[in-house]
Amino acid sequence: MTDRNDRVVLTVDAVISDGEGRILVMERGTKPFKGSWVLPGGLIDPGETVEDACVREVEEEVGLKVRVVGLVGVYSAPGRDPRGSFVSMAFHAVVIGGVLRTTSEARAHRWLAPDEVVDMGFDHGLIVQDYRKAHGG
């Protein structure tokens, strides 16, 4: 089997906004970046669209049902993930149901104020910055 360091891995990340300009972040419960604030997201499963993967990952990690409303960007900088070559499609999503909860992957969560900046794992700080630039924040 091929090691993740020998192939490109496709992932998704979700910038979930609440209509007041706030963005949901979660405290990562697993390595890498365990204990850091990150956006919900994860691997795309074979046979699913990137949008479906985003919806599924958000529900698995934080319990919310979301609707994808747009693409924030594609993030592929070498070194963005210490596990290897991970490319992420980051989507803007809005909540349509569910109940916010903690899980083994999301030990805590919080809503960032419209101008609030926190240190984030991976390149999620850049993703949030790009989202805010595109949405007047």
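Relative to the longest principal axis of the Cα atoms of the chain, the long axis of helix 124-134 makes an angle of roughly 50 degrees.
Charge tally around Glu61: other residues with Cβ under 12 Å, Lys/Arg +1 each, Asp/Glu -1 each, net -2.
Within the shell defined by Cβ-Cβ distances under 11 Å, the residues around Met120 carry a net charge of -3, with Lys and Arg each +1 and Asp and Glu each -1. Put +1 on the Cβ of every Lys and Arg and -1 on every Asp and Glu Cβ in the chain; which of Ser36, Trp111, His135 then has its Cα farthest towards the positive end of the dipole? The residue sitting farthest along the positive end of the dipole is Ser36. Normalising the average separation of contacting C-alpha pairs (under 8 angstrom, six or more residues apart) by the number of residues puts the relative contact order of the chain at 33 percent. Taking label points 7 Å from Cα along the Cα-to-Cβ direction, Val94 and Asp6 give a separation of 4.6 nm. With a Förster radius of 25 Å applied to the beta-carbon distance between Lys31 and Glu51, the computed FRET efficiency rounds to 0.40. On a 0 to 90° scale, report how tilted helix 50-62 is relative to the longest principal axis of the chain, with both axes built from alpha carbons and the result rounded to the nearest 10. Helix 50-62 and the main axis of the chain meet at about 70 degrees.
Shape verdict for the stretch 4-134, please, from the Cα gyration tensor: rounded (a/c under 1.5), prolate (a/b greater than b/c) or oblate. Since a/c stays below 1.5, the shape of the stretch 4-134 is classed as rounded.
If each residue of separation counts as 0.36 nm, what is the full-extension length gain between His135 and Ser104 once their alpha-carbon separation is subtracted?
Details: separation 31, 0.36 × 31 = 11.16 nm, distance 3.13 nm.
Value of the extension gain: 8.0 nm.
Tell me the relative contact order for the stretch 61-137 as a rounded percent, counting alpha carbon contacts under 8 Å between residues six or more apart. Could the numbers behind the result be given before it?
Working: 91 pairs, mean separation 26.8, N = 77.
Relative contact order of the stretch 61-137: 35 percent.
Note on Ala113/Val69: beta-carbon distance plugged into 1/(1 + (r/R0)^6) with R0 of 25 Å gives a FRET efficiency of 0.75.
Rule-based calculations on the coordinates, nothing more; no lab input. Just so it is clear, the structure is predicted and the values come from calculations on it, not from any experiment. Cβ: placed from backbone, ideal geometry, glycine included. Neighbour counts: every protein chain shown.
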